[in-house]
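**Q** Let me begin by handing over the structure; questions about it come next.
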Amino acid sequence: METVIETKNLTKSYGKNRGIIDVNIKVNKGEIFGFLGPNGAGKSTTIRTLLDIIRPTSGSATIFGLDCHKDAVAIHWRLSYVPGDVNLYGNMTGKKFLEYFGSVRGSYDEDEAKKYAEKFDVNLNRKLKEYSKGNRQKVALIQAFMNDPDLLILDEPTSGLDPLIQQTFLEVIREEASNGRTVFMSSHVLSEVEKVCDRVAIIKEGKIVAQESIGDLKKKSGSVLAVKFSEEVRPESFKIDGIAGVSRLNGSYRMTVTGNIRKVLKEISDHDVESIAIQPMNLEDIFMQYYAGGK
Ligand SMILES: Nc1ncnc2c1ncn2[C@@H]1O[C@H](COP(=O)(O)OP(=O)(O)OP(=O)(O)O)[C@@H](O)[C@H]1O
């Protein structure tokens with residue numbers, strides 16, 4: 001399998017501030033790769049290092065087998081990047097903007113621009129400064145898709161898009177990936193990651209804490225147990241090895257069980273139970289374990 005992005009012990013420290021520490025990620029050709037983590041975890045720092053906007057303190061990063069710093073120009077010809085906060089202002093219309101950037105890259109296909117503008121429902125005859133945040137985002141995405149890149153690096157691409165357009169965006173990146181393009185996207189929207197990504201890496205406090213296919217992540221992840229007692233039960237009863245999270249709502253307990261479920265069931269059976277249900281974790285539960293829990 002061809003590797004498109006690879007980092008080896010990529011580290012960036014901002015003086016005393018932690019940036020990223022020993023980040024090792026590998027993204028294969030044609031994959032839609034989700035890059036997830038709470039605020040301040042290190043997603044943008046990783047992306048900026050890949051794009052040679054900032055230099056790593058140590059470690060290395062390659063894209064298409066080329067060095068992200070030394071070969072930045074060659075790499076940038078083959079990728080499109082959309083930042084999280086798209087800053088497009090000025091009197092240029094959306095169409096002129098796309099024409100301009102298309103010509104810088106060597107070609108501009110008006111039919112392509114129209115096709116994407118229709119999909120994303122944006123009027124390209126308006127001036128950049130008049131666009132709403134969401135419409136600016138759409139123009140930036142159109143520009144990225146139009147470049148016909150081998151790799152798309154998208155920092156929170158759907159923030160600012162309404163749910164209908166988010167859906168369209170997901171369809172478009174699936175199409176892009178099926179045409180052999182690779183997509184690396186950071187996101188906070190777990191449901192979209194579950195829908196569209198083949199693999200994910202989760203970064204927490206600057207370190208990669210998981211890197212798996214969505215399927216494998218689900219297989220490893222345990223169950224969610226919902227139980228309602230007909231007597232008062234103290235939350236401390238569930239301080240048991242193998243229970244990752246316990247929440248209580250209106251007398252019902254919901255807990256994430258990653259260890260041996262027998263211990264938990266034994267504890268439960270010491271009390272009067274009104275109802276009990278066990279189901280596999282959904283991706284949101286899994287992410288929350290990594291985000292908030294001790295993993
Ligand atoms: N220019 C900088 N100077 C000092 N510290 C920085 C700088 N940029 C980022 N950091 C620190 O590096 C860490 C990672 O930040 P980064 O912006 O990469 O996180 P993120 O995962 O993209 O967060 P978010 O989801 O909020 O965008 C944070 O602790 C942040 O405070």
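**Q** Restrict the check to the stretch 81-89 and report whether at least one residue is at pLDDT 95 or above, part of a loop (DSSP other than H, G, I, E, B) and in contact with a Lys or Arg (Cβ under 6 Å, 6 or more places away or on another chain).
**A** No - not one qualifying residue is present in the stretch 81-89.
**Q** In addition: Output the residues belonging to the stretch 4-46 that are within 21 Å of MET288 (Cα to Cα) and free of Cβ contacts under 8 Å to residues at least 24 places away in the same chain.
**A** Within the stretch 4-46, ASN39, GLY40 qualify.
**Q** Any residue in the stretch 160-182 that is in contact (Cβ under 8 Å) with a residue 12 or more places away in the chain, of a type outside the set (A, V, I, L, M, F, W, C) and within 16 Å of the ligand (Cβ to nearest atom)?
**A** Checked the stretch 160-182: at least one residue is in contact (Cβ under 8 Å) with a residue 12 or more places away in the chain, of a type outside the set (A, V, I, L, M, F, W, C) and within 16 Å of the ligand (Cβ to nearest atom).
**Q** Report whether or not ILE203 is within 16 Å of the ligand (Cβ to nearest atom) and open to solvent by less than 50 Å² (accessible area, probe 1.4 Å).
**A** Values: within 16 Å of the ligand (Cβ to nearest atom): yes; open to solvent by less than 50 Å² (accessible area, probe 1.4 Å): yes.
Answer is yes for this residue.
**Q** Scan the stretch 206-239 for residues that are among the aromatic types (Phe, Trp, Tyr) and surrounded by fewer than 18 Cβ atoms within 10 Å (Cβ to Cβ) and report the count.
**A** Here is the first cut: in the stretch 206-239, the ones among the aromatic types (Phe, Trp, Tyr) are 229, 238.
Applying the additional criterion that residues be surrounded by fewer than 18 Cβ atoms within 10 Å (Cβ to Cβ) yields 229.
Final tally of qualifying residues: 1.
**Q** A follow-up question, please. Within the stretch 1-55, work out how many residues are open to solvent by 10 Å² or more (accessible area, probe 1.4 Å), away from the ligand (no atom under 13 Å from the Cβ) and within 25 Å of LEU170 (Cα to Cα).
**A** Summing the residues that are open to solvent by 10 Å² or more (accessible area, probe 1.4 Å), away from the ligand (no atom under 13 Å from the Cβ) and within 25 Å of LEU170 (Cα to Cα) in the stretch 1-55 gives 9.
The values are calculated or read from the model by the stated rules, or taken from the named source; none is laboratory data. This is a predicted model, so every value here is computed, not measured. As a convention, Cβ positions derive from the backbone with ideal geometry for all residues, glycine included, and neighbour counts pool all protein chains shown. We work out accessible area using only protein heavy atoms, side chains counted, and drop any ligands, DNA or RNA first. Shrake-Rupley method; radii C 1.70, N 1.55, O 1.52, S 1.80 Å.
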